Amino acid sequence: MHPWPRRRRRSSENTVILLAMLIFGVVAFLSMTVLVGSVLMGSDDGSGGDAQPQSKAPPATDDDLLRGNLHRRPPHRQARGGREKAYPSPQPREAALDDGTGGGLLRRGSDTDSPDVVYQKAYPFRGVKPELSGFLQPDIIPNGKITFVLCTWSGDSMGFARVPMLFASVEKFMDRDSLEEFLVVTPEASKDAVRAAITGTPLPVRLLADYIVAGISKDEARAYLPKSERRENGGRGVSYRLQMLLKLGVARHVTTEYYVTLDNDVFLKRPTTASDLVPYNVALVQGREPNRHRASWWTSAASILRSGKQCGLNLKTDAFQIGVTPAVLRTSLTRELLSFVEAMHPPSPEEGGQPNNYARALFRLLREESTADWTEYTLYWVFGCMRRRLSQFHTLDGELSLYDTTGFNWRSFDTYNADKVFADETSFFGVIQSISGTPSNDIIKALGHRFTS
C-alpha cells in the first residue's frame, strides 16, 4: 500500500491535538484574567496590601447609615438571626464630566447623586497617587495590633502636665502585645520636655516633629490663620487647628490598620486590647452626643470635600457618628482623605509653586466663610460617607462606647465620681477636658494613684 494515506491520517490527528491544546490555552488564559480582575476589584480601598476586614455578619450599607437605621452592634454582638434592613441605593443623575485624564477635577455631584457618584465626580483617582505631598508612606501591616497617637506640646499650660498620667494609664491597662507603638507628635522644641515627661516608660514610643507630619511649619500655619482665630484677638490660636491636622497627617506614618487619637486630658481606665477597640477588625465609634458637635463643623467639611447633601449636615443627627477625641481611625481611609484634599485644593498661583500639602490647603480654607470651621473628625466622617466605607470600617455598639463623658463640661470635676467612672466597664477611656477649668495638678492628685502598679 502507498504510504501517503497513512501520513495524511497522522497529519489530521496532529492538527486535532494542536487545536485542542490551543482551545485549552485560551480558556485557561481567560479564566486567569477573570480571577486576577476579581482580586484587584476586591481590594479594600486602593491602599495596596491593606486587607478588607472580615466579619461574621454582613455589614449594613451606607444607605442604612444615611437613613437612620443606625443602632448597630459589631458582628459578635448582633442578635441571633437578626439582619438589618437593606434599602435600595438612590439612582444617580447623569452629569457632564471632565476629560478624565487626572489633569483637572470633575464637577461636584448633584444633591440627588449617591455618595459614590459624588466622589467620582469630585475626584477621579486615575493618575493620582498617595505620594502627592512628596512623602513616601510606609506599608500598612494587618497584624491585629493598634497604634496610639498623642499630639502635644510643652506650651500647653492646662494639659501637658498630665502626659505622665496618660502614659501611666496605658502602661497599666493596655495589653502590650496589642500595641504596635505610641507615636507622639510634638514641636521640635518640645521633644526634650516630652522625653523628660515619659522617662522610664516601657512602651514603644516614637517621637515625630510636628512640621514633618504637617508638612508646614507652625509659623507658616500661623500666617494663614484668620484674625478671628488668633489668640491676641480672643481666638484659640494656631495650635488649636494644627493639632487637628496632625491627627490626620500622622496616618502617613502609622503602620497598623487602625490608630487611636489621644489628647493630654485622656486616660485609659480599664484593661483593654486592640480587639476591644476594633472588634472583628471594625472600629468602635462613640455615637451621637447631643450638642457636642457644631453644625458648622459638618457644613465646612462638606464644602471642602464637595460632598453634596447626602454626606453633609445630615450626618450630625445620625446615631452612627464619630465623636471627639479619643477616636479610632482607619489608616488607609485617612491617607486617602489627605490625598483627596491635596488634589481638590492645589496651591494658588500667588503661593509661588509650593508643593501640594493638605495642611496648607486646610489652613488656607479657614479664610473662606463656607469652609472656616472644619475639624479632623468631620472631614474624616464626611469623606468616609462619600467613599461608602463607614459601615465597612466602623460600628456602633449599643453596650460599649469609647469614652466616658462625665468630665466634659465646665466645673464637671467638682462632682466627678472617680469610683463610679473606673468601675464602669461600658467605656474604655476617661476624659477630663481642659475646659472643665480644673488645674492639672488637682486632677493628677485625685486620680494618679489609680495608675500605679
Whole-Hz ³J(HN,Hα) for each residue in the range 262-269, computed from phi via Karplus 6.51 cos²θ - 1.76 cosθ + 1.60 with θ = phi - 60°, x for glycine and proline: what do you get?
10, 10, 4, 8, 9, 8, 7, 10
What order do you get for 423-435, 198-210 when each peptide is scored by the mean count of other beta carbon atoms within 10 Å, highest first?
423-435, 198-210
Starting from a Cα-only point model with no solvent, please compute log10 I(q)/I(0) by Debye for the range 248-317 at q = 0.13, 0.15, 0.24 1/Å.
-0.59, -0.78, -1.17
Per-residue counts of other Cβ atoms within 10 Å, averaged by peptide: what ranking do you get for 375-382, 159-166, highest first?
375-382, 159-166
Assign one of three labels to the range 146-193, namely rounded, prolate or oblate, based on the Cα gyration tensor with a ≥ b ≥ c the square roots of its eigenvalues; rounded applies when a/c is under 1.5, prolate when it is not and a/b is larger than b/c, and oblate otherwise.
oblate
Interchain or long-range residues, amide H under 5 Å from SER427's placed H
SER401
Can you tell me which of 262-270, 403-411 comes out highest on packing, and rank the rest after it, using the mean Cβ neighbours within 10 Å?
262-270, 403-411
In cubic angstrom, how much convex hull volume per residue do the alpha carbon atoms of the range 380-453 span?
135
Go through LYS445, LYS218 and list them by solvent-accessible area, largest first, probe radius 1.4 Å.
LYS445, LYS218
Would you mind calculating the gained length between GLU188 and LEU313 on full extension (0.36 nm times residue separation, minus the Cα-Cα distance), in nm to one decimal?
41.3 nm
Residues of the range 214-332: accessible area per residue with a 1.4 Å probe, Å²:
32
Can you give the local net charge around GLU369? Use residues other than it whose beta-carbon is closer than 14 angstrom to its beta-carbon, Lys and Arg +1, Asp and Glu -1.
0
Report, by chain and number, residues whose modeled amide H sits under 5 Å from the one on ALA283, excluding near sequence neighbours (fewer than 5 apart, same chain).
HIS394, THR395
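The values are calculated or read from the model by the stated rules, or taken from the named source; none is laboratory data. Just so it is clear, the structure is predicted and the values come from calculations on it, not from any experiment. In this analysis, Cβ positions are derived from the backbone assuming ideal geometry, glycine residues included, and neighbour counts consider all displayed protein chains. For accessibility, only protein heavy atoms count, side chains too; no ligands or nucleic acids. Shrake-Rupley method; radii C 1.70, N 1.55, O 1.52, S 1.80 Å.
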